[in-house]
Amino acid sequence: MRRWRLVLGGERADGTGVGLAGDDARMDAALDKLYGAGDAAGDRPRPGRRGAGLGDSAPSVARWLGDIRAYFPSTVVQVMQKDAIERLDLTRLLLEPEMLEAVEPDVHLVGTLLSLNKVMPDKARESARAVVRKVVGELERRLAERTRSAVGGALDRSARVLRPKRLADVDWNRTVRANLRHYLPEHGTLVPERMIGYGRRRQAVQRDVVLAVDQSGSMAASVVYAGVFGAALASMRSLRTSLVVFDTAVVDLTDQLHDPVEVLFGTRLGGGTDINRAVAYCQGLISRPGETILVLISDLYEGGARDEMLQRVAALTAAGVQVVVLLALSDDGAPGYDHDNAAALAALGVPAFACTPDAFPDLMAAAIERRDLKEWSERR
């Protein structure tokens with residue numbers, strides 16, 4: 001009943017008959033400030049009217065942030081912070097350094113800070129950089145090594161040899177399939193007349209990867225993850241990685257890939273979208289179509305020349321470029337996207353699907369090995 005009371009918010013008709021005290025009362029007050037709906041007299045919340053509020057000052061918000069961090073786990077705190085920014089219009093207060101020191105850093109907060117980058121005072125920008133660097137560091141520890149491992153293994157497997165020199169280089173799955181006709185049932189064994197092995201990775205560049213990232217406001221989380229993954233891929237000698245961000249203009253951030261924080265502060269979240277212009281720029285970066293993977297991260301709401309964009313994608317695939325469209329690169333659930341454009345790309349043989357950050361390393365490995373990405377996405 002206590003838990004139901006906290007869920008229902010204490011309306012007179014909630015039916016619990018439970019009163020709260022101590023930490024429960026303080027937890028309830030923190031929830032009420034964000035999700036409550038009070039009347040003009042400041043009485044108990046009333047359905048249909050939002051009376052929630054944290055006060056129009058950074059100290060009041062900082063105290064509230066401290067309260068929710070004391071009473072809720074960090075995953076819940078991040079949800080409440082995101083809701084507070086959206087519901088209570090706290091964007092302006094995020095420009096104050098003391099506020100930034102009180103928040104729980106997460107991907108959505110980084111996206112909000114990046115959208116405010118151009119209007120931040122210098123003092124707040126330094127605090128914002130510290131927040132962004134902390135989140136990026138956590139993402140790198142979680143994702144970067146997995147990306148390098150998965151992609152490195154795929155590069156090794158993509159080079160086949162018919163006479164592997166070491167047992168560790170034998171691709172047993174392919175070897176067994178290639179020698180099934182040499183199975184000896186009386187002995188219960190298979191004679192591997194022809195061995196198939198993995199080629200060892202060369203130091204030369206084996207694949208070119210172009211990440212083209214839509215930086216419209218709805219793609220904020222995807223931009224953050226793309227910056228981290230771009231830096232991880234750029235650190236591999238066997239890949240030549242380019243990172244392009246776009247709205248109605250195109251910005252090449254490849255020279256900043258050594259530092260994902262600089263990459264993120266080089267973005268400009270918000271504005272319109274011209275996918276055609278971005279694809280045209282990426283065409284100019286491609287010198288080895290048969291060895292290139294173009295990953296377009298966009299919700300496909302095209303503000304430019306749609307037909308021309310589709311023609312460019314068709315030309316790229318015809319030339320041998322492996323084009324993949326990610327409608328979102330985030331953990332936010334099913335994304336909103338332009339279904340007509342996604343269907344048109346699918347008709348061209350270009351898969352379009354959302355991808356979680358944890359699945360992205362395996363996606364890149366599958367692309368490098370030239371596996372069927374439509375089948376890969378359906379299995380996922």
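List the lysines whose Cα lies under 17 Å from the Cα of residue 165, skipping any in the same chain that are fewer than 8 positions away.
none
Hey, of [x] 17.7; [y] 24.6; [z] 26.4, which did the structure itself give for mean projected area of the Cα convex hull in nm² when calculated?
Identified label for the calculated read-out: [z].
Explain nothing, just the number: dipole magnitude of the chain about its Cα centre with +1 on each Lys and Arg Cβ and -1 on each Asp and Glu Cβ, in debye rounded to the nearest 20.
Result for the chain is approximately 1480 debye, rounded to the nearest 20.
Please report the antiparallel percentage of the DSSP beta bridges confined to the chain, to the nearest 5.
If I count the DSSP bridges inside the chain, around 25 percent turn out antiparallel.
Please list, or write none, the aspartates and glutamates whose alpha carbon is within less than 20 Å of the alpha carbon of residue 123, excluding same-chain residues fewer than 8 places away.
Cα-Cα hits under 20 Å: 96, 98, 101, 104, 262.
Please give the FRET efficiency for residue 86 paired with residue 339, using the beta carbon to beta carbon distance and R0 = 25 Å, rounded to the nearest 0.05.
Efficiency computed from Cβ-Cβ geometry: 0.50.
Which of rounded, prolate or oblate describes the stretch 179-314 when judged by the alpha-carbon gyration tensor and an a/c cut-off of 1.5?
On the way: a/c = 2.81, a/b = 2.18, b/c = 1.29.
Prolate is the answer for the stretch 179-314, as a/c is 1.5 or above and a/b outweighs b/c.
Which ³J(HN,Hα) values, rounded to whole Hz and listed in residue order, are derived for the stretch 297-312 from phi using the Karplus coefficients 6.51, -1.76 and 1.60 in 6.51 cos²θ - 1.76 cosθ + 1.60 with θ = phi - 60°, glycine and proline given as x?
Running phi through 6.51 cos²θ - 1.76 cosθ + 1.60 with θ = phi - 60° gives 9, 6, 7, 6, 7, 7, x, x, 8, 4, 4, 5, 4, 5, 5, 5 Hz.
Can you tell me the length gained on complete extension of the stretch residue 356 to residue 372, counting 0.36 nm per residue apart and subtracting the Cα distance?
3.9 nm
Using modelled amide H (1.01 Å from N, peptide plane; none on Pro or chain starts), what sits under 5 Å from the amide H of residue 301, excluding residues fewer than 5 places away?
So residue 301 has HN proximity to 338.
Which of 289, 351, 366 sits farthest toward the positive end of the charge dipole of the stretch 280-380, with +1 on the Cβ of Lys and Arg and -1 on the Cβ of Asp and Glu?
289
Given the pairs 33/118; 82/134; 33/82, which are separated by over 23 angstrom at their Cα positions?
Too far apart for the 23 Å limit: 33/118.
Since every read-out is calculated from the coordinates, none of them should be taken as a lab result. Keep in mind it's a predicted model, so treat the numbers as computed, not measured. Neighbour counts are summed over all protein chains in view; Cβ atoms, including those assigned to glycine, are modelled from backbone coordinates with ideal geometry.
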